[in-house]
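*Asks:* Sending over a structure as structure tokens; questions will come in a sec.
Coordinate-derived values only; no laboratory data. Predicted model, so just to flag it, every value in this text is computed and none were measured. Heads up, the Cβs are rebuilt from the backbone with ideal geometry, glycines too, and the neighbour counts pull from every protein chain shown.
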Amino acid sequence: MADLMRPIVNLNGTSRDALVEARIAVRQDLRSVMTSLGETAPNGRDYIGEPDAYQRDLAVYRSRFAIIDALYNQLGDEALAIQGD
């Protein structure tokens, strides 16, 4: 994943609180996406007689979830970095 965004908090720019709150809001939305994505998780009963297809689709699901999880964590790291500046 890309490097963290590191805005410079200053009197003429967006407030520290607004920068942090924006990231927290996106994280909340991503939690909803994670919950919804969980509904698409492959279930073995849908792949009876096709274990390779199940394993393939499970890998796809995990990859998708990992992308969202990485973004979720990255935004949290950004919020913490902004708070700490």
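*Asks:* Taking the options ASP77, ASP52, name whichever one is assigned to a helix (DSSP H, G or I), in contact (Cβ under 8 Å) with a residue 12 or more places away in the chain and of a type in the set (D, E, K, R).
*Replies:* ASP77
*Asks:* Does VAL9 satisfy being of a type in the set (Val, Ile, Thr), surrounded by 12 or more Cβ atoms within 10 Å (Cβ to Cβ) and touching a residue at least 60 places away in the same chain (Cβ under 8 Å)?
*Replies:* yes
*Asks:* Give the residue that is farthest from THR40 (Cα to Cα), with candidates limited to residues of segment 55-74 that are among the polar types (S, T, N, Q) and without any contact (Cβ under 8 Å) to a residue 40 or more places away in the chain.
*Replies:* Selected residue: ASN73.
*Asks:* Would you be able to tell me the number of residues in segment 29-57 that are polar (S, T, N, Q) and loosely packed, with under 11 Cβ neighbours inside 10 Å?
*Replies:* 4
*Asks:* Would you say VAL20 is in contact (Cβ under 8 Å) with a residue 60 or more places away in the chain, touching a helix residue (DSSP H, G or I) at 6+ places or on another chain (Cβ under 7 Å) and either part of a loop (DSSP other than H, G, I, E, B) or surrounded by fewer than 11 Cβ atoms within 10 Å (Cβ to Cβ) (or both)?
*Replies:* Criteria not met by VAL20.
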